[in-house]
Amino acid sequence: MRPAWTVAAVVTVVVGGADPARAGPAAADGAARPAPLAGRVIALDPGHNGGNARRPDVINRLVWAGTHRKACDTVGAATASGYPEAAFSWDVATRLRRILEARGAVVVLTRRSNAGVGPCITERAAVGNRARADAALSIHADGAAVGARGFHVIHPVALPRLTADIAAPSARLARTVRDAYAAGTGLPPAGYAGRGGLHARGDLGGLNLSDVPKVLVECGNLRNARDAQLLTQPRFRQRIAAALAAGLERHLRR
């Protein structure tokens with residue numbers, strides 16, 4: 001059972017306009033079209049946080065990840081020039097939020113800014129659960145070997161009493177996001193993780209503890225020079241946000 005709607009202190013709830021069910025553009029006959037994502041709730045989880053490095057006592061604390069104990073959070077990856085994953089994920093999340101709001105969605109974020117610490121992976125999952133989100137998306141960029149390129153979308157395996165009920169819809173969400181991301185960004189699916197841009201995993205607390213369909217997108221490899229050159233460009237991050245929005249909308253309108 002999903003818990004009732006509450007909002008924790010770390011959550012920012014952003015509603016596009018006054019009413020998420022507001023009408024969209026007028027049709028040719030003068031009738032208003034509903035916004036394509038009106039009434040939908042989407043949880044966005046920008047990975048890591050800009051202040052994590054200064055608080056190892058907080059982020060190294062072990063928490064229950066559904067099947068094992070794991071660190072509360074991590075610092076994240078960075079490019080060779082020092083551009084951090086936390087800044088990347090926050091920028092993409094805010095761009096994506098604006099797109100989704102404009103399409104009528106209610107957007108819930110797991111952190112307020114890129115200047116804080118955490119939250120833990122347990123709370124990141126709980127945010128989407130409390131919101132009873134129709135879909136949840138965790139935004140990351142990988143720190144794989146320098147010769148590895150591309151993106152991949154991680155979805156939860158079916159774990160008894162944990163993700164058995166959301167594994168199938170999460171896999172469908174992953175496929176739709178994968179297709180939209182490849183089409184919208186031109187980045188190749190990663191050849192070093194999963195297969196064809198999809199990777200099912202059972203060791204990630206943010207997925208294991210989710211009660212709503214959820215995926216994690218590794219938007220590229222920050223340690224790869226070709227990927228990093230793209231991911232550090234604001235214009236390309238806007239393309240990433242638009243591609244993720246297209247995938248979410250396509251999934252939620254089916």
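A few notes on this one:
Yes/no matrix, rows are residues, columns are (1) in contact with a helix residue (DSSP H, G or I) (Cβ under 6 Å, 6 or more places away or on another chain); (2) crowded, with 22+ Cβ neighbours inside 10 Å:
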position	(1), (2)
A131	no, yes
D142	no, yes
G147	no, no
H152	no, yes
P156	yes, yes
R161	no, no
A168	no, no
R172	no, no
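- Per this entry, P36 is counted among residues that are part of a loop (DSSP other than H, G, I, E, B), more than 20 Å from L216 (Cα to Cα), at pLDDT 95 or above and under 23 Å from the mean Cα position of the chain (by Cα).
- Any hit, region 177-191, residues being closer than 27 Å to T122 by Cα and among the charged types (D, E, K, R): yes
- Any strands (runs of 3 or more DSSP E) falling wholly within region 104-164 and containing at least 1 residues that are polar (S, T, N, Q): 135-142
- Every residue from region 165-177 that is in contact with a Pro (Cβ under 7 Å, 6 or more places away or on another chain) and part of a helix (DSSP H, G or I): A167, P169, S170, L173
- Residue that is modelled with pLDDT of 95 or more and in contact with a strand residue (DSSP E or B) (Cβ under 7 Å, 6 or more places away or on another chain), where the choices are G196, G184: G196
Matching residues to (1) of a type in the set (A, V, I, L, M); (2) at pLDDT 95 or above; (3) touching a Phe, Trp or Tyr at 6+ places or on another chain (Cβ under 8 Å):
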site	(1), (2), (3)
R40	no, yes, no
S81	no, yes, no
V108	yes, yes, no
G118	no, yes, no
T122	no, yes, yes
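- The combined condition, being outside any helix (DSSP H, G or I), without any contact (Cβ under 8 Å) to a residue 60 or more places away in the chain and within 22 Å of S210 (Cα to Cα), is fulfilled by T74.
- Leading residue by the ranking (surrounded by the most Cβ atoms within 10 Å (Cβ to Cβ)) among those in region 49-71 that are part of a loop (DSSP other than H, G, I, E, B) and without any contact (Cβ under 8 Å) to a residue 60 or more places away in the chain: R61
- Of everything in region 77-88 that is in contact (Cβ under 8 Å) with a residue 60 or more places away in the chain and closer than 18 Å to D45 by Cβ, the residue that is surrounded by the most Cβ atoms within 10 Å (Cβ to Cβ) is F88.
- Selection status of A53, more than 17 Å from the chain's Cα centre (by Cα), within 16 Å of E218 (Cβ to Cβ) and not basic (K, R): no
- Pair list, Cβ < 9 Å and 6+ apart or interchain, from region 176-197 residues that are touching a residue at least 60 places away in the same chain (Cβ under 8 Å) and surrounded by 19 or more Cβ atoms within 10 Å (Cβ to Cβ) to residues that are β-branched (V, I, T) and assigned to a helix (DSSP H, G or I): Y181/I240
- Test for G191: is it more than 21 Å from A65 (Cα to Cα), part of a loop (DSSP other than H, G, I, E, B) and not hydrophobic (A, V, I, L, M, F, W, C): yes
- For region 66-102, a tally of residues being under 18 Å from A125 (Cα atoms) and more than 18 Å from the chain's Cα centre (by Cα) returns 6.
The values are calculated or read from the model by the stated rules, or taken from the named source; none is laboratory data. Note that this is a predicted model, so its numbers are computed, not measured. So basically every Cβ, Gly included, is an ideal-geometry build from the backbone, and we count neighbours across all protein chains shown.
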